[in-house]
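Since the structure comes first, as structure tokens, the remarks are kept for the end.
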Amino acid sequence: MREDANCQWRVAVRPVGKPKPSDFAYTEEAIPEPGDGEILLKTLYLGLAPVMRMYMQGTGAAGEKALGIGDVIHGRGVGEVVTSNHPAFAPGDIVQGQLGWQTYKVSAVTPQEKIFKVADRGVSYALSAGVLAMTGLSAYGGFLDCGQPKAGDLVVVSGAAGGVGSIVVQIAKIMGCHVIGIAGGPEKCAFLRSLGVDETIDYKAEDVPARIAALCPDGLDIYFDNVGGETLAACLENLAMGARVVLCGSISEYTRDAPFGLTNYTRLRAVNGMMKGFFVYNYLDRLDEAVDALAGWIRSGRMQPVQDVIDGFEAMPEALMRLYDGRNVGVQCCRVREHPHDLALEKGEVA
Ligand SMILES: NC(=O)c1ccc[n+]([C@@H]2O[C@H](COP(=O)([O-])OP(=O)(O)OC[C@H]3O[C@@H](n4cnc5c(N)ncnc54)[C@H](OP(=O)(O)O)[C@@H]3O)[C@@H](O)[C@H]2O)c1
């Protein structure tokens, strides 16, 4: 990666099926100059999310501007202010926000970019690209608000070893729930047990409907859905009285030609059940609360911040492909540049 240029990844073609290397185009241009009221940001870390494939398809998903062919791909991450012509920012400030897949960005700090200063909470700044950013807020807001967990609840989480899922299972354990994690492969299931998950289902090797029925003989209280499709349908067949189904994502459906077409949602009636969706940006007013809570659990050792870090801006397409191949554990991130604060933390030099 050149330090004297703004390196960027752009949409080459609309992805069909899983994203592949030829969907991405690499370009370089001059580092932009900030104008009045603007800041120049240097990208440190970028977070990856399944929705980025939808951005590349030009659907304008998740409240972001629809991308055309040749546009820089949307992506949130952590940046350092290099130059500031904005009264609220100074060189050296660390922010999280919409940086795009690029190594520098000039920002007018618009509401659309959702740029927030990152305080030093005694944890790595890199976490503000994932666990302490929108992924963590999705887990915190979605699970606590829509799931309404109580101690003793039987909670099933799909995509449990992924970004949102690995945080939800840990919050559920902190809340005193009994947790079943669904993930692909024995390594991911073993990893989930190392996080304290009580039971696991390897959906690639096991009969998911049969296993859910066996593990939830009296029904499940909360299903946190990251994958949709057949897994959602199987959970709806096993609801306890008053069950809550939280619709976070449906990655198993994103690359299909047609949606799954759920038919058994009527199972909610007999148990006075509730199915509730959420969109993370509708929880922005709780970002500080979520980050404070998550960072507190991390500092006290009650939560493991699971970020799957790939090195180098060149690896961004590979990082997105990992999500669709199920190769990531925890939040997939890319380390574009490491901040000295994080290096010092790694070496145990700061508290
Ligand atoms: N509602 C919101 O505001 C909101 C916010 C953030 C994210 N989301 C959604 O929440 C979900 C999780 O997001 P994330 O960022 O944490 O991503 P993630 O879970 O880390 O996504 C990647 C994981 O998805 C699993 N996966 C991939 N293809 C699959 C398939 N066909 N069937 C089942 N699982 C599959 C893989 O795990 P396995 O190896 O286990 O298959 C992979 O590791 C996504 O659906 C995302 O779109 C929603």
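Just so it is clear, none of the values below were taken in a lab; they were calculated from the coordinates. Owing to the predicted nature of the structure, the values given are computational and were not obtained by experimental measurement. Cβ atoms come from the backbone with ideal geometry, glycine included; neighbour counts cover every protein chain shown.
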In degrees from 0 to 90, rounded to the nearest 10, what is the angle of the helix 287-299 Cα long axis to the longest principal axis of the chain?
80 degrees
Give me the count of lysine pairs in the chain whose alpha carbons sit under 15 angstrom apart, restricted to pairs 8 or more positions apart or on different chains.
6
Given a Förster distance of 22 Å, the FRET efficiency implied by the Cβ-Cβ spacing of L284 and K65, rounded to the nearest 0.05, works out to 0.80
Rounded tilt (10° steps) of 163-174 against the dominant C-alpha axis of the chain:
60 degrees
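Which value, in debye to the nearest 20, describes the size of the charge dipole of segment 134-281 about its Cα centre when Lys and Arg Cβ atoms bear +1, Asp and Glu Cβ atoms bear -1, and nothing else is charged?
Charge dipole, segment 134-281, about its Cα centre: 280 debye, nearest 20.
Quote to one decimal, in nm, the extra length available between A315 and M1 on full extension: 0.36 nm per residue of separation minus the C-alpha distance between them.
Numbers: separation 314, 0.36 × 314 = 113.04 nm, distance 1.04 nm.
Taking A315 through M1 to full extension adds about 112.0 nm, to one decimal.
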At the level of C-alpha centres, the distance separating segment 274-309 and segment 161-197, in angstrom, is 15 Å
Enter the per residue convex hull volume of segment 24-135, computed from alpha-carbon coordinates, in Å³ rounded to the nearest integer.
103 Å³
For N264, placing the label point 7 angstrom along Cα-to-beta-carbon and taking segment 131-173, residues whose amide nitrogen sits under 20 Å are 154-160
Can you pull the percent of Cα pairs in the chain with separation above 35 Å?
23 percent
Computed FRET efficiency, Cβ-Cβ of V271 and A88, R0 45 Å: what is it to the nearest 0.05?
0.35
Give me the base-10 log of I(q)/I(0) for segment 134-281 at each q in 0.10, 0.13, 0.14, 0.19 Å⁻¹, Debye formula, one uniform scatterer per Cα, rounded to two decimals.
-0.28, -0.49, -0.57, -1.13
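So what's the back-of-envelope 222 nm ellipticity for the chain, counting only DSSP H runs of four-plus at -39500 (n - 2.57) apiece and dividing by all residues, rounded to 500?
-7000 deg cm²/dmol
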So, relative contact order of segment 32-104 in percent, Cα under 8 Å, 6 or more apart, is 38 percent
